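Peer 1: If you scroll down you'll find the structure; I have some questions about it.
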Amino acid sequence: MTEDRTHIESKLRWRYTLRYLLAMCLIGSSIVIGAQQTHQILDVNRQTGEIISTAGTQRILSQRVALLTERVRNETLDYRRDRALREMRSAIERMEQAHMYLTNGADGRTAPASLTPALQHHYSPSGSGLDGMMRGFIRTYSAFVEDPDGLYEAVTFQRMNAENGLLTRLDRAVDLYAQAADAKMSNAMRTHGMWVLISLALVAFAAFMIFRPLARDAAKAVANMGAALDERAALLSRSFKIAKMGHWRAINPEADPLWLSQELLDMYDMERKEGFVPLSMIQQGDVIDEGTSIEDNLQHTAFKRTWETGEPTVARSKYRKPNGEIIDMLVHMEAEFGPSGEVVGVVGVIKDDTAEAEADRALMQSYAVIEGKSRDLVEAQRLGKLATWRCCLDTGTVEWDERAFELMRFDPADFQPTMESVRRCYIDGSRERLVALSERVVSTGQRQSDTFRVQCGDGSVIDLYLRSTLECDADGNAIALFGTMQDVSKERAAARELEQLAYFDNLTGLANRTLFTRELKRVSDASRRHKDKAALVLLDLDHFKEVNDTLGHEAGDQLLGIVGQRLSNVVRKDSFVARLGGDEFAVIVEGDISQQTLDSLCARIIEALAQPAALSLGTVQTNASVGVALMPDHSGDPDELLRFADLALYASKERGRGRATYYNEHYSEALSARLTMASEVRSALDEARFEVHYQPITDVQNGKVGGFEALLRLPKPDGGFVPPSEFIAIAESSHLIADLGSFVLHSACQEAQSWIDEGQPARSVSVNVSAAQVWHGDLEQVVDSALEKSKLDPSLLCIELTESVFAAESIDRLNGILTRLNERGIQLALDDFGTGYSSLGYLNQLPFDTLKIDRTFVSGANQCVEKRKLLRGIVSLGKGMDLKVTAEGVETEDELKLVRQLGCHCVQGWYFSKAQPANQAAVEAARIEALGMLRQLNPQERQRQHRDAVMDALLRRSA
């Protein structure tokens, strides 16, 4: 009978297996059919989209070619005329390619122009269709490109023909292609619908005829549950052993004898079978405290209490096995009651609790360690002038810890901290900001922090850095604010002094670009709100570069100082004067900005700056060009106003320099040039014409090149490179900066790894990252991709960010991004330090490793006392925050000696090397290191070893 049952079950199993496989085949066929039909629809959609796009492009190109004719005819500048001809030739070639595709087809497919009878008729009805008109149009303009002067009349006729007939026929062609596409797509969709019905029918057949019988087998599973329960009972006993548990039972108050389960006997290592065991045999292994009898130990006491009261009890004890091993036991016991409610027995469970007991002992030791660390933390709070506080929102009471009273210099016995009494300590507008901060925390639920001016109990005033967090109850209702407060008076004093120095230009004493940007925003905001009138006057010196090139930078600095003094003397006292950088200055005029007033001001500025200037190396004479933009007449946006004033300044230079020009909306040539540059940047990126050059970063102590900074270069067709200041700004404004940044990251990581593969020393590579990549790009994914593809060690990659990336409202998000990068091992550097605003407030909050000092603070610092003071302060600040300090723009040996004396760790600049292509950068690194090692050698030996080092680097590179 068992054999028959096995045979039947085998037959059923094979039958349902085959049915299941058949069902899966039917469902799979349905999926394949649907996928194939979807693929056909997508292919039809792609082909028709390509045809319509090609026809539409052909129409746009015909208009482009026709419009370029007049530009070629009227252009007076040869290079612009040639550029227009190149654009016309490119457009004609693209039109011809598009026409050949539409009339002849591609990849063996039917020509799009032959898809329908309407299209065939439209392209060649009796020889005068679109095909003939397009071929004539292409022949005529192709000949015009070769002889623009001789064939202008023929092209004029062709252009009229294009405007009257060709464009209309192209529009009609696009409509016909769209109609053909709709018809083709409708046919594909009908076919797809039919197959969908077939697939649904197959699925329904599988569900009803195959899966339904399979459900009957579930009934058999229910019948087998009884057997499974028996099996689980056996498993329960096994589980007791795995859990190191056993049970026992006592039937008299003396618990002698005691019934023990087999699991418990095995736990005690007793060679006995499950059953009653004399109590004396068990007591031989009991471990009791010294001076305690067996009758008084915890386990026996708990048993007596359970027998006498009937209440369950728990006790801990220890047991020594025959082999000497001691185990910890946890004993649970409950009473058994008779018919009259009397106790007739006690049952219990014993668990081997050795591991948990050891963990508890280790936990107690940890508590002792934590208690010691807590004492250390309290001491650290005292040394760091840090305290904690809590404010109850309902009662307004404030709780301070001991450190808070000490920090605020109040006696806990005399001062009761409440919301009102604490707020009275906040001065200089800090009280209102404290209320606003508390309201933000309550409304947003997010942690907030700020620095306030506070008057302490002894009358002294400190800077208090306050962090505030919202505390909620179990239902999510706000109940209190809590946080920390820290005395940051010394840090804030140093920051205020350094920021004050950073607001003004050292050469001229005028406001710098940072302060100018704030003032321009203030004036523009007032102009938008109150319709106040103001003017922005931009000026720079004509031929200033020649002064630097002929007399040196020191003479140029003297001239800038004289210009700043003359500007201050010429403008009104209530006007704002700033040096924006280089030889560029700005004046913001408010109040009376009539035409006569501004003309007089510009004339005075030009006249004053045209006077000869006596320098230490001789007398020089220069002129100034001026550009003027008005608020709100020209714009109320500060960035746009600055751009308009810059366009006006450019127009002044174009008109002959030494004059003033007001912005005019017709100055669009400069904007057009920027658009052209944006197109050039995109084209160069698509065609991979950008190059990455590398400038060495040298350790000032040992002369070793520890890494390179990757710098992007855009080659010109005629040689040379487009200045980064031109295309980087365009890339940022046209949202291409993220693509450029990704290109530089991948290229730099790949090159750094290739140097290692060639046997070069492992050197880091630094890559500049813009604010747009951080806030609007996928910086972390790009970095991970570059490292993964190049296999570069993350510790050899350094991400450089400028202060423009700081945004107070997003500092937590920025900290998260930088922290995740830092946790990967990637280095972080703050680049161009000192040229932005408010970086000091964030420098100690963000995980930077390196501080790079901008070249404006290094250049000429050995000759300028004020620059030297500022440079010393920045270096001290960086070293005090345990950051590696790198000085940029080192160009002379005196500057190198100065930054080395001040304690900079690394230097970078033309004194060592300009940025070089990758293959030359390795050679430059070898040269720099050779010079660093050979400074103490005699000239002949230095020359020989330097030559050998460079040749060795070249040979490794070529290999």
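Peer 1: Across the stretch 732-744, which residue is farthest from Ser790 (Cα to Cα) among those that are modelled with pLDDT of 75 or more and assigned to a helix (DSSP H, G or I)?
Peer 2: Our first condition is that a residue be modelled with pLDDT of 75 or more; within the stretch 732-744, this holds for 736-744.
Now drop any that are not assigned to a helix (DSSP H, G or I), which leaves 737-744.
On the way: Ile737: 22, Ala738: 19, Asp739: 18, Leu740: 18, Gly741: 16, Ser742: 13, Phe743: 13, Val744: 13 Å.
Among those that are modelled with pLDDT of 75 or more and assigned to a helix (DSSP H, G or I), it is Ile737.
Peer 1: Within the stretch 703-735, track down each residue that is under 22 Å from the mean Cα position of the chain (by Cα), over 17 Å from Gln916 (Cβ atoms) and surrounded by fewer than 20 Cβ atoms within 10 Å (Cβ to Cβ).
Peer 2: Ile728, Ala729, Glu732, Ser733, Ser734, His735
Peer 1: Listed residues Ser770, Ser754; which is surrounded by 21 or more Cβ atoms within 10 Å (Cβ to Cβ) and out of contact with any Ser or Thr (no Cβ under 7 Å at 6 or more places or on another chain)?
Peer 2: Details: Ser754 fails: surrounded by 21 or more Cβ atoms within 10 Å (Cβ to Cβ).
Among Ser770, Ser754, only Ser770 is surrounded by 21 or more Cβ atoms within 10 Å (Cβ to Cβ) and out of contact with any Ser or Thr (no Cβ under 7 Å at 6 or more places or on another chain).
Peer 1: For residues that are over 18 Å from Ser62 (Cα atoms) and either at pLDDT below 75 or over 44 Å from the mean Cα position of the chain (by Cα) (or both), tally how many sit in the stretch 74-108.
Peer 2: Total meeting the criteria: 11.
Peer 1: State all residues of the stretch 891-923 that are of a type in the set (A, V, I, L, M) and closer than 21 Å to Asp849 by Cα; if no residue qualifies, say none. Spell out the reasoning first.
Peer 2: Here is the first cut: in the stretch 891-923, the ones of a type in the set (A, V, I, L, M) are 896, 898-899, 902, 907, 915, 918, 921-923.
Result: Val899, Leu902, Val907.
Peer 1: Can you pull out every residue in the stretch 266-302 that is in a loop (DSSP other than H, G, I, E, B), touching a Phe, Trp or Tyr at 6+ places or on another chain (Cβ under 9 Å) and either β-branched (Val, Ile, Thr) or modelled with pLDDT under 75 (or both)?
Peer 2: To start, the set of residues in the stretch 266-302 that are in a loop (DSSP other than H, G, I, E, B) comprises 268-274, 278, 284-285, 288-293, 297.
Add one more test, that the residue is touching a Phe, Trp or Tyr at 6+ places or on another chain (Cβ under 9 Å), and what stays is 268, 274, 285.
Gly285 - this is the single residue of the stretch 266-302 that is in a loop (DSSP other than H, G, I, E, B), touching a Phe, Trp or Tyr at 6+ places or on another chain (Cβ under 9 Å) and either β-branched (Val, Ile, Thr) or modelled with pLDDT under 75 (or both).
Peer 1: Among what's in the stretch 628-643 and is free of Cβ contacts under 8 Å to residues at least 60 places away in the same chain and assigned to a helix (DSSP H, G or I), pick the residue that is surrounded by the most Cβ atoms within 10 Å (Cβ to Cβ).
Peer 2: Arg643
Peer 1: Among the residues of the stretch 142-161, are any modelled with pLDDT of 65 or more, outside any loop (DSSP other than H, G, I, E, B), within 30 Å of Pro117 (Cβ to Cβ) and of a type in the set (Phe, Trp, Tyr)?
Peer 2: Taking every residue of the stretch 142-161 in turn, none turns out to be modelled with pLDDT of 65 or more, outside any loop (DSSP other than H, G, I, E, B), within 30 Å of Pro117 (Cβ to Cβ) and of a type in the set (Phe, Trp, Tyr).
Peer 1: Checking Gln365 against (1) over 41 Å from the mean Cα position of the chain (by Cα); (2) surrounded by 11 or more Cβ atoms within 10 Å (Cβ to Cβ); (3) at pLDDT below 85, which single condition isn't satisfied?
Peer 2: With respect to (1) over 41 Å from the mean Cα position of the chain (by Cα); (2) surrounded by 11 or more Cβ atoms within 10 Å (Cβ to Cβ); (3) at pLDDT below 85, Gln365 is out only on (2).
Peer 1: Which one is farthest from the chain's Cα centre (by Cα), of the residues in the stretch 837-849 that are at pLDDT 85 or above and farther than 13 Å from Thr802 by Cβ? Outline the logic, then answer.
Peer 2: In the first step, residues of the stretch 837-849 are kept if they are at pLDDT 85 or above; the result is 847-849.
With farther than 13 Å from Thr802 by Cβ added as a condition, the list becomes 847, 849.
Working: Pro847: 14, Asp849: 17 Å.
Top of the filtered list is Asp849.
Peer 1: Do you know which residues across the stretch 101-123 are of a type in the set (A, V, I, L, M, F, W, C) and under 12 Å from Ile51 (Cα atoms)?
Peer 2: Taking the stretch 101-123 first, the residues of a type in the set (A, V, I, L, M, F, W, C) are 102, 106, 111, 113, 115, 118-119.
Leu102, Ala106, Ala111, Ala113, Leu115, listed by residue number.
Peer 1: Quick one: which of Ala688, Ala673, Ala710 is within 24 Å of Val767 (Cβ to Cβ), of a type outside the set (D, E, K, R) and modelled with pLDDT under 90?
Peer 2: Every option except Ala688 fails the conditions.
Results for (1) within 30 Å of Gly880 (Cα to Cα); (2) at pLDDT below 85, shown as yes or no for each residue.
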residue	(1), (2)
Gly903	yes, no
Tyr911	yes, no
Gln916	no, no
Gly932	yes, yes
His946	no, yes
Arg957	no, yes
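Peer 1: Here are Ala762, Ala786: which of them is assigned by TED's automatic domain parsing to the domain that holds Ala921 and more than 28 Å from Ile928 (Cα to Cα)? Working first, answer last.
Peer 2: Working: Ala762 fails: more than 28 Å from Ile928 (Cα to Cα).
Just one listed residue meets the conditions, Ala786.
Peer 1: Could you count how many residues in the stretch 877-919 are part of a helix (DSSP H, G or I) and surrounded by fewer than 17 Cβ atoms within 10 Å (Cβ to Cβ)? Write out each step before concluding.
Peer 2: So the first thing to find is which residues in the stretch 877-919 are part of a helix (DSSP H, G or I), and the list is 877-880, 893-902, 918-919.
Subsequent filtering for residues that are surrounded by fewer than 17 Cβ atoms within 10 Å (Cβ to Cβ) retains 879-880, 893-894, 897, 900-901, 919.
Residues that pass the stated criteria total 8.
Peer 1: Answer yes or no as to whether Gly49 is at pLDDT below 70, under 44 Å from the mean Cα position of the chain (by Cα) and in a helix (DSSP H, G or I). Step through it out loud before you land on a result.
Peer 2: Working: at pLDDT below 70: no; under 44 Å from the mean Cα position of the chain (by Cα): yes; in a helix (DSSP H, G or I): yes.
Answer is no for this residue.
Peer 1: Still on this structure, please answer the following. Sort through Leu870, Leu851 and tell me the only one that's farther than 15 Å from Asp505 by Cβ, surrounded by 16 or more Cβ atoms within 10 Å (Cβ to Cβ) and among the hydrophobic types (A, V, I, L, M, F, W, C).
Peer 2: Working: Leu870 fails: farther than 15 Å from Asp505 by Cβ.
Of the residues listed, the single one that is farther than 15 Å from Asp505 by Cβ, surrounded by 16 or more Cβ atoms within 10 Å (Cβ to Cβ) and among the hydrophobic types (A, V, I, L, M, F, W, C) is Leu851.
Peer 1: Please work out which one of (1) buried (at least 19 other Cβ atoms within 10 Å of the Cβ); (2) touching a Phe, Trp or Tyr at 6+ places or on another chain (Cβ under 9 Å) is the condition Glu929 fails and give its number.
Peer 2: So the condition that Glu929 fails would be (2).
Peer 1: Take the residues in the stretch 800-818 that are surrounded by 19 or more Cβ atoms within 10 Å (Cβ to Cβ) and in contact with a helix residue (DSSP H, G or I) (Cβ under 6 Å, 6 or more places away or on another chain); name whichever of them is modelled with the lowest pLDDT.
Peer 2: Looking at residues that are surrounded by 19 or more Cβ atoms within 10 Å (Cβ to Cβ) and in contact with a helix residue (DSSP H, G or I) (Cβ under 6 Å, 6 or more places away or on another chain), I get Phe806.
The values are calculated or read from the model by the stated rules, or taken from the named source; none is laboratory data. The shown structure was predicted, so the numbers you read here are calculated from the model rather than taken from an experiment. Neighbour counts run over all protein chains shown; Cβ positions are idealised from the backbone, glycine included.
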